[in-house]
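Following: one structure in structure tokens, then a few remarks.
The values are calculated or read from the model by the stated rules, or taken from the named source; none is laboratory data. What you see is a predicted model; the values in this text were computed from it and never measured. Positions of Cβ are generated from backbone atoms using ideal geometry, with glycine treated the same way; all protein chains shown enter the neighbour counts.
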Amino acid sequence: MLDAFSELDAVDTSGVEPSYHPVAAEGVPRGDEAKPWDWDPFLNSGHVEGRHFRGPRIT
Amino acid sequence: MEATIGLEVHVHLATASKLFCGCPTGEAEPNLNTCPICLGYPGSKPMVNGRAIEQGVLVALALDCRLAPYVRFSRKSYFYPDMPKNYQITQYEEPLATGGHLQLGDRRIRVRRVHLEEDPARLIHVGGGITDAKYTLIDYNRAGVPLVEIVTEPDIRDTAEARAFLEKLGLVLEHLGVYDPSGEGSLRVDANVSVEGGQRVEVKNITGFRNVERALSYEVVRQRSAAAMGLDVSRETRHFDAATGVTVSLRKKEMEDDYGYIVEPDLVRIGLKPEWVAEIASRMPELPDRRIERLAEQYGISGFQSGVIVNAGLAMSRFYEASCALYRDPVRVASWLVTYLMKSLNYMGLGIRESKVRPETFVELLELIDEGVISERLAKELVKEYVGTGVPPRTLVEMRGLGLMGVEDLRPVVEAVVRENPGAVEDYAGGRVKAVEYLLGQVLRRVEARARPDEVRSLLLEELCRFGKLPR
Amino acid sequence: MTVYESALRLDGMYHAFNHLEEPAEPGSEGRLAGYYLSVKDNLCVRGMPATAGSRILEGYMPPFDATAVARCRAEGAAVLGKTAMDEFGFGTFSVNSGYGVPLNPCDTGRSAGGSSGGAAAVTASAGFPHVALAESTGGSISCPAAFCGVVGVTPTYGRVSRWGLIDFANSLDKVGCMAATVGEAALTLSVISGPDEYDSTAQRVPAPDYAAYVGGGVEGMRVGVPREYFGEGVDPGVADRVWAGIKKLESLGAIVSDVSLPYTGVSLSSYYVVAMAEASTNLARFSGLRYGLHMPLEGNFDEYFSAVRSAGFGEEAKRRIILGTYARMAGYRDAYYLKALRVRTLVIGNFKRAFRDVDVLAAPTMPVVAPRFEEIAGLEPLQHYMMDVLTVAPNLAGVPMISVPCGKCGGMPVGLHLMADHMREDLVMRAAGALEVA
């Protein structure tokens, strides 16, 4: 796998822009409407306390 | 120069929905304002809020920055329980804007960059503080709320300047309509501090202007003391404990954190087209510096008064202008506002918005004086009660019969005071003209200021004359 | 035998499903009326578990349908279950599955391909009306389709919404489909394609009726054969079958010529760096807090999430997370991540240049037929990756492609790969349709 890294080295990419996506597209942002999602966020979690998610201590 | 300080200010934008999903941004029960996107569910993808971009652009323009041609996001990876995806969608390579400044009088504080990012969740440390809690509770309501981050160059030289910068910045943001100063925790600061060529220390996550000043003061003293004792100040990240007023070490930072940035591959770039930017710029509201000038020009008040009014916040300058629309003398309004009303508000720790004062009722104080119903002195005394209760001054006067007393009611009091103070009367007769002021004070006290001083003075002189006690 | 019983039987033989349930009746109206749908386990179906082939998502119940799934359901399809796959898409033979490993219906001692192995196995053995939803990052639709002898379509990047697809590499992942015939694949593609506000990378172009192109013929169509795709490493028997298919197209009026895609070799390195860099961030969210594998909350956060991830991820996933993280680290980012993205630009350029001269490209889908499981076990990691080289380049470039069965070699199916320019699925449908009837 590390060979793959060195293989890239060998390619001359001067003046070439990176392609973050293969097909060019320009984004259209959405309007600022509050649309609440009707669901139960706790359904998939085993670590819940009241209306909070429980997590381990930080340090 | 006390220190070298750079600030990173994170401000919640005033949008209805979050930055990357349609969840509401307001106050709510824990974890109510959530959806699969802001909870980082597998299969979810971000959707960019256009108004957040527009508000970011307004901030950038107000700070005189250069806008990037595109809005592009990046992933900043690190593991922390307040991060639903364990990466934050932010802007790295190409921030929204760069190279601006904020003017503080004759000092210019340069702004390095302005960019958009999502807020992490809120953590509650149970059974202790951040370093010694038993476990953590997580509320994701805040996760995904849009933030604008404003990063300064290390141009700030002392803690007072840091406070002044934040207050001015907050005022500008408030005028832009992108920031609500009454929101709790809606402005957070990371500060980078070093003294006299020492190491740079980062103090993270300080909430509110006052705490920033406290944290910086403590930190500067701590670093200077260490230097004075010949101790090394390590390059590290610290946390400010608001309860105790000290900064506490969180972790040592030998090298820069490695966030492994990549461009956010679930989003494509959004063009900041000139037409769009022009449309946003055309909606730029009046900013504080211009407002100070305009109020002075338009209402004929002093630059000083105008400054005091504008710096007290948007609500205050709006209150002033609304009052001027209801009363003919804007200079008098300014005078009463600055000298009496604001003083009362400050004394009671009230902001004008939370208080019950209104332009319509405020100008009643001046109207009542003009109509001769009360004296100016009484009006000044009424201010405190008015501010505290919001009861319109006209109502206060009526309820308590505070109107000016007529001459027929005043005369007996004047006569009584003269009778009861022979000493003062003799002084007056002996040539001490000022003795009449003493008598005047006595009368005013008895009538609870419900009389005009000059009217009382002429009644006193009449009485003394009747008595035959005029000075030789 | 009901469809469900039939599915149970084939699952018993080929272990194609991670989850199988008695389906609702398919609708009688809609373009997929009467059809049963199998869904690769990295696409979310509300009410069915989604594991993406990984133990770290054990028990996870998605609260929504993937857009592609919802569109199929809206057109009358009934979901049968979730098909087996390599964990998160990491693999070429579906052996990196945290659940069962799917077997090739043509020879159960051989791999069904990967990472959409289960989808191909069901498609190849279903005796009822069926189409499969699958996903490709580096060739995960084409490879199993070729190995199992079915039709597999990988559309242009962004043609189909990725909402509800559990990400492997966001700039490479495409939702596609498999079917027994080109016509059914084209129909399904039309159903699932189209703009979606929930996916910012989805093309804002409406979906045409792809099935209408299938019978269009190849008279005058220019077919390019990239010489780099017939090099050493391609089994001669496989190459023979593929050439036979190309000749068939020629006999139907296509104009065949030789082309060159010089960046084919290096596309593998570029693909792996980009894919792993993106994957390492996508997988960061799995830390045992809100969904998926949980453990008792002991220790601090670092200890907890490390324990969960160590237990939940397979070896290949761990390897890719480490390598992907490395490729993004400060100091290496320019040399690896950004460099790989620049190489991608060159690879795309190759395809764009070729498509000025030809309408479609034709090549073998895979260099060999489906290998035996013992053979796979003996492959070095680098040899694994070489299996991908023919499919990786078009996947990196995001061009649409279709793998069509093209005869057999040693009793095992051979796939012919047809590729066209971005958003030109119409051309691959025409070529594939012509090959099918010939």
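I'm checking my understanding of the structure. Among residues of segment C:99-113 that are at pLDDT 95 or above and not in a strand (DSSP E or B), which one is farthest from C:Ala179 (Cα to Cα)?
If we take residues in segment C:99-113 being at pLDDT 95 or above and not in a strand (DSSP E or B), then C:Tyr99 is farthest from C:Ala179 (Cα to Cα).
When the residues of segment A:1-23 are filtered to those that are hydroxyl-bearing (Ser, Thr, Tyr) and over 20 Å from the mean Cα position of the chain (by Cα), which remaining residue is nearest to the other protein chains (Cβ to nearest Cβ)?
Across segment A:1-23, the extreme among qualifying residues is A:Thr13.
Which fully enclosed helices (runs of 4 or more DSSP H) of segment C:308-417 have 2 or more residues being away from chain A (no Cβ under 12 Å) and out of contact with any Gly (no Cβ under 9 Å at 6 or more places or on another chain)?
It comes to C:315-328, C:339-357, C:373-377.
I'm told B:Gly423 meets every condition in (1) under 27 Å from B:Lys380 (Cα atoms); (2) at pLDDT 85 or above except one. Can you identify the failing condition by its number?
Checking B:Gly423 against (1) under 27 Å from B:Lys380 (Cα atoms); (2) at pLDDT 85 or above, the one that fails is (1).
B:Thr237 fails exactly one of the following numbered conditions: (1) touching a residue at least 40 places away in the same chain (Cβ under 8 Å); (2) surrounded by 13 or more Cβ atoms within 10 Å (Cβ to Cβ); (3) over 30 Å from A:Glu26 (Cα atoms). What is the number of that condition?
(1)
Only one of (1) assigned to a loop (DSSP other than H, G, I, E, B); (2) within 10 Å of chain A (Cβ to nearest Cβ); (3) surrounded by 22 or more Cβ atoms within 10 Å (Cβ to Cβ) fails for B:Asp82. Which number is that?
The failed condition is (3).
In segment C:82-121, what residues are out of contact with any helix residue (DSSP H, G or I) (no Cβ under 7 Å at 6 or more places or on another chain) and surrounded by 24 or more Cβ atoms within 10 Å (Cβ to Cβ)?
Within segment C:82-121, C:Lys82, C:Asp86, C:Gly89, C:Gly118 meet the criteria.
Inspect all residues belonging to segment B:26-49 and state whether any of them is assigned to a strand (DSSP E or B) and modelled with pLDDT of 95 or more.
yes
I need the full set of residues from segment C:1-26 which are buried (at least 19 other Cβ atoms within 10 Å of the Cβ) and polar (S, T, N, Q), in order please.
Result: C:Asn18, single match.
Looking only at segment C:261-289, which residues are assigned to a loop (DSSP other than H, G, I, E, B) and either more than 7 Å from every other protein chain (Cβ to nearest Cβ) or aromatic (Phe, Trp, Tyr) (or both)?
C:Leu261, C:Pro262, C:Tyr263, C:Phe286, C:Gly288
Please state which of the following conditions B:Gln305 fails to meet, knowing it meets all the rest: (1) in contact with a helix residue (DSSP H, G or I) (Cβ under 8 Å, 6 or more places away or on another chain); (2) surrounded by fewer than 16 Cβ atoms within 10 Å (Cβ to Cβ).
(2)
Among (1) modelled with pLDDT under 95; (2) over 30 Å from A:Arg54 (Cα atoms); (3) not charged (D, E, K, R), where does B:Val203 come up short?
Only one criterion is unmet by B:Val203, namely (2).
Within segment B:92-105, is there a residue that is within 12 Å of chain A (Cβ to nearest Cβ) and assigned to a loop (DSSP other than H, G, I, E, B)?
The answer is yes, given that some residue of segment B:92-105 is within 12 Å of chain A (Cβ to nearest Cβ) and assigned to a loop (DSSP other than H, G, I, E, B).
Among the residues of segment C:138-188, count how many are outside any strand (DSSP E or B), within 12 Å of another protein chain (Cβ to nearest Cβ) and closer than 28 Å to C:Phe313 by Cα.
Of the residues in segment C:138-188, 13 are outside any strand (DSSP E or B), within 12 Å of another protein chain (Cβ to nearest Cβ) and closer than 28 Å to C:Phe313 by Cα.
Going by the conditions given, is A:Asp38 more than 9 Å from chain C (Cβ to nearest Cβ), more than 25 Å from C:Asp421 (Cα to Cα) and crowded, with 17+ Cβ neighbours inside 10 Å?
When the stated conditions are applied, A:Asp38 does not pass them.
Quick check on segment B:122-129. Is at least one of its residues modelled with pLDDT under 95, touching a Pro at 6+ places or on another chain (Cβ under 8 Å) and within 14 Å of chain C (Cβ to nearest Cβ)?
yes
Of the conditions (1) small (Gly, Ala, Ser); (2) surrounded by fewer than 16 Cβ atoms within 10 Å (Cβ to Cβ); (3) in contact with a helix residue (DSSP H, G or I) (Cβ under 9 Å, 6 or more places away or on another chain), C:Gly331 fails just one. Which one is it?
Result: C:Gly331 fails condition (3) only.
Could you check segment C:229-265 and list, in sequence order, the residues that are closer than 11 Å to C:Ala362 by Cα and in contact with an Asp or Glu (Cβ under 8 Å, 6 or more places away or on another chain)?
Listed by number, the residues that qualify are C:Val256, C:Ser257, C:Val259.
So which pairs qualify, if the first residue must be in segment B:444-459 and closer than 21 Å to B:Leu368 by Cβ, the second must be in a loop (DSSP other than H, G, I, E, B) and of a type in the set (A, V, I, L, M), the Cβ gap must be under 7 Å, and the two must be at least 6 apart or on different chains?
Once the first residue is closer than 21 Å to B:Leu368 by Cβ and sits in segment B:444-459, its partners that are in a loop (DSSP other than H, G, I, E, B) and of a type in the set (A, V, I, L, M) give B:Leu444/B:Ala451; B:Val447/B:Met405; B:Arg450/B:Leu402; B:Arg450/B:Leu404; B:Arg450/B:Met405; B:Ala451/B:Leu404; B:Ala451/B:Met405; B:Arg452/B:Leu404.
Quickly run through segment B:336-360 and pick out the residues that are farther than 26 Å from B:Phe304 by Cβ and buried (at least 19 other Cβ atoms within 10 Å of the Cβ).
Matches in segment B:336-360: none.
Of everything in segment A:45-59, what is surrounded by fewer than 19 Cβ atoms within 10 Å (Cβ to Cβ) and either at the interface with chain C (Cβ under 9 Å from one of its Cβ atoms) or not hydrophobic (A, V, I, L, M, F, W, C) (or both)? Give them in sequence order.
Those that are surrounded by fewer than 19 Cβ atoms within 10 Å (Cβ to Cβ) and either at the interface with chain C (Cβ under 9 Å from one of its Cβ atoms) or not hydrophobic (A, V, I, L, M, F, W, C) (or both): A:Ser45, A:Gly46, A:Glu49, A:Gly50, A:Arg51, A:Arg54, A:Thr59.
Just give me the residues in segment B:64-79 being closer than 28 Å to B:Leu287 by Cα and crowded, with 24+ Cβ neighbours inside 10 Å, in sequence order.
Passing the criteria: only B:Val71.
Among the residues of segment A:24-35 satisfying the criterion of being within 7 Å of chain C (Cβ to nearest Cβ) and modelled with pLDDT under 95, which is nearest to B:Pro46 (Cα to Cα)?
Filtering first and then ranking leaves A:Gly27.
Table: residues versus (1) surrounded by 22 or more Cβ atoms within 10 Å (Cβ to Cβ); (2) within 28 Å of the chain's Cα centre (by Cα); (3) not assigned by TED's automatic domain parsing to the domain that holds B:Ala191.
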| residue | (1), (2), (3) |
| --- | --- |
| B:His10 | no, yes, no |
| B:Lys18 | yes, yes, no |
| B:Gly26 | no, yes, no |
| B:Pro42 | yes, no, no |
| B:Ala60 | yes, yes, no |
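With the requirement that a residue be within 11 Å of chain B (Cβ to nearest Cβ) and in contact with a Gly (Cβ under 7 Å, 6 or more places away or on another chain), what does segment C:26-50 give you?
C:Asn42, C:Leu43, C:Cys44
Take the conditions within 13 Å of chain A (Cβ to nearest Cβ) and either part of a loop (DSSP other than H, G, I, E, B) or touching a residue at least 40 places away in the same chain (Cβ under 8 Å) (or both) and apply them to B:Ile138. Does it pass?
Considered against the rule, which asks whether it is within 13 Å of chain A (Cβ to nearest Cβ) and either part of a loop (DSSP other than H, G, I, E, B) or touching a residue at least 40 places away in the same chain (Cβ under 8 Å) (or both), B:Ile138 comes out as yes.
Can you spot a residue in segment B:434-446 that is surrounded by fewer than 18 Cβ atoms within 10 Å (Cβ to Cβ) and among the aliphatic types (A, V, I, L, M)?
Scanning segment B:434-446, I find no residue that is surrounded by fewer than 18 Cβ atoms within 10 Å (Cβ to Cβ) and among the aliphatic types (A, V, I, L, M), so the answer is no.
Of the numbered conditions (1) in contact with a strand residue (DSSP E or B) (Cβ under 9 Å, 6 or more places away or on another chain); (2) crowded, with 23+ Cβ neighbours inside 10 Å; (3) assigned to a helix (DSSP H, G or I), C:Glu303 fails exactly one; give the number of that condition.
(2)
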